[in-house]
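Below is one structure; the comments refer to it alone.
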Amino acid sequence: MRTVEWIYLIFNLLMFVGVIGIGRQSQHFRKMVWGGFVISGVLLIVHSVVEGLRWPMIPAYLLTLVPLVVLVTQARRQQQSGVTSLNSKGSGASASTSTVTRKFGRVRIIATSLLVLVYAIVSIGLPLLFPVFSFAKPAGPYGIGTVSYDWTDNSREELLTSSVGDQRELMVQIWYPTNPDAEGATAPYVNKPEIYGTAFNEVLKLPKLLFSSLSQVKTHAIQEAQLSDAEAKYPVVLFSHGLHGYENQNTFQVEQLVSQGYIVVGINHTYSSLVSVFPDGRVAKFKSEGKEGFEQLQFSYMDKLNETWVKDAQFVLDEVEKLAEGDPSGRFTGHMDLDNIGMFGHSFGGATTVQMLMDDPRVKAGMNMDGVLFGEKRIPAEGVGKPFLMMSADSTVAGTSVMSDEEIAAMGTTRPEAEKYYEEVYERYEPVTAGGNFCMELTNTKHLSFSDLYLISPLLEWTQGVEARGTQQLVNDTTIDFFNHYLKGQPLHMDKEVGEHESFFLKKG
């Protein structure tokens with residue numbers, strides 16, 4: 001929860017308890033109730049202006065009205081008691097009536113206490129279960145700037161549209177180091193959050209309600225800030241998301257990397273991403289090409305699709321070189337270290353990273369985060385031939401051994417077919433560490449642990465049995481150590497971590 005939200009919610013709950021629990025015959029009661037109403041109203045206005053209203057806070061918003069309800073109710077009771085007093089003059093109150101009144105009073109106190117308890121649980125629980133999530137503060141000495149580009153590859157026809165002559169168009173976001181005190185507009189997590197919320201629902205089949213607060217998620221990046229001049233040049237690292245992913249999906253990782261002095265280039269692979277939103281308002285949705293479930297995972301299909309992603313990465317790298325040579329804005333001209341280019345990716349983007357390592361001499365080092373090794377080229381027995389780190393979730397490496405018959409059937413296949421499929425998966429993994437490279441298996445993790453997704457709600461963490469921020473910290477530490485060594489020439493700490501640990505197992509070839 002956000003700061004003003006907490007203050008507002010706690011004050012309202014205390015006020016709720018106070019107006020119900022304090023004796024209403026007190027001469028200060030009305031002043032306290034009116035004061036509570038005014039303070040709550042001011043906090044509500046501040047919250048709405050500074051942080052923005054959102055649906056999980058509705059129970060808390062209703063508490064602002066409690067003082068008015070109490071005052072109106074008290075006034076009506078006073079009127080009724082006056083009438084009752086006039087009608088009852090000259091008649092004595094019976095002992096039985098007094099006893100009934102006392103019993104009713106105790107029941108009312110118990111019922112009211114339960115109401116307050118339940119309402120407090122709901123008021124606190126909803127914002128915690130559906131938070132406006134945040135990213136860890138960047139640990140490095142640099143601030144973060146960001147700028148987006150709409151680039152079209154005029155040499156390639158777009159194969160996933162029905163219109164003849166369409167060319168391959170990509171949205172690309174670049175994050176870069178700035179001075180830590182840089183000022184300006186904070187970049188949103190995603191552009192057009194309502195479109196992304198719909199896409200999460202339609203493509204990933206996740207409840208749209210989970211993503212209702214996307215528009216209020218803050219990043220640490222400043223839009224179009226000035227590049228820091230603390231260093232003459234900064235290493236460049238490409239990022240490729242997973243199938244159904246998006247260029248911002250690893251903001252937890254990108255921000256930490258940039259704060260340590262890297263320029264990170266995020267690619268949105270149009271029609272294979274969750275969604276692409278172009279500056280003129282056009283929206284390109286995910287296209288499955290009629291492939292679903294197990295059929296979509298076949299190597300024959302995925303290897304072919306990956307060729308497009310590799311060409312996307314190569315094209316983006318061509319455009320980055322143009323920026324380094326002559327950026328129209330002047331921001332990147334001469335400030336990109338093109339002798340030290342790295343790449344990392346999640347899932348299908350991780351597979352793309354491996355293909356780029358083997359196919360493009362410009363990429364010096366790469367990381368694959370839980371990506372099956374799809375692609376035209378197979379890793380040779382002697383290894384990739386460049387610095388490479390394979391990170392995997394233990395649940396992914398376990399394959400069919402952790403999959404129920406129902407889960408396999410839902411994919412549209414049988415257990416024998418799935419086991420045969422994983423035989424090739426493992427076969428492709430065998431040369432990963434050859435030549436002195438690394439393979440890291442993270443414990444108690446899932447495929448999407450290598451992304452921002454589990455920050456959306458604790459519900460996702462609980463249902464998947466994972467701990468998002470702990471895994472993200474491990475991924476960040478490893479990422480920075482890896483690229484610091486191979487792109488900046490700093491000492492490598494991973495060598496000392498080879499072996500089995502509580503949260504991971506690291507193997508070196």
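Taken together, the values in this text are just the output of simple stated rules run on the coordinates, not laboratory data. The structure displayed is predicted, hence computed values, not measured ones. Ideal geometry is used to build each Cβ from the backbone, glycine not excepted, and the neighbour counts take in all protein chains shown.
Observations, loosely collected:
- Proximal lysines to Lys311, defined as alpha-carbon separation beneath 22 angstrom and excluding residues fewer than eight positions away on the same chain: Lys285, Lys287, Lys291, Lys322, Lys364, Lys377, Lys386
- Mean Cα-pair separation over length for region 265-395, i.e. relative contact order, pairs under 8 Å, 6 or more apart, %: 18
- Computed on region 344-401, with alpha-carbon pairs under 8 angstrom and 6+ residues apart, the relative contact order is 35 percent.
- Using the Cβ-Cβ distance between Ile121 and Lys322 with R0 = 60 Å, the FRET efficiency computed as 1/(1 + (r/R0)^6) comes to roughly 0.60.
- A Förster distance of 51 Å, applied to the separation of the beta-carbon atoms of Asp229 and Arg469, puts the FRET efficiency at 0.95.
- In this simple spin-label approximation, Thr3 and Trp55 carry label points 7 Å from Cα along the Cα→Cβ vector, and these lie 2.9 nm apart.
- Based on C-alpha pairs under 8 angstrom that are at least 6 apart in sequence, the chain has a relative contact order of 12 percent.
- Between 0 and 90°, nearest 10: helix 468-488 axis offset from the chain longest Cα axis: 30
- Ellipsoid equivalent to region 383-509 - semi-axes via the Cα gyration tensor, in Å: 28, 21, 11
- In the frame of its principal axes, the chain has Cα extents of 106, 58, 55 Å, reported largest first.
- Over region 198-302, equivalent-ellipsoid semi-axes from the Cα gyration tensor in Å: 30, 18, 13
- Sequence ranges 297-306, 58-67, ranked by mean other-Cβ count within 10 angstrom, highest first: 58-67, 297-306
- Net dipole in debye of region 344-454 [+1 Lys, Arg Cβ; -1 Asp, Glu Cβ; about Cα centre; nearest 20]: 500
- Scaled against 2.2 N^0.38 Å for its residue count N, the alpha carbon radius of gyration of region 176-249 is 1.39.
- For the chain, the longest principal axis of the Cα atoms and the long axis of helix 193-204 meet at an angle of about 70 degrees.
- Taking a point 7 Å from the Cα of Glu295 along the Cα-to-Cβ direction, none of the residues of region 361-390 has its backbone N closer than 13 Å to it.
- Full extension of the chain between Val107 and Lys420 yields a length gain of 106.1 nm, computed as 0.36 nm times the residue separation minus the alpha carbon distance.
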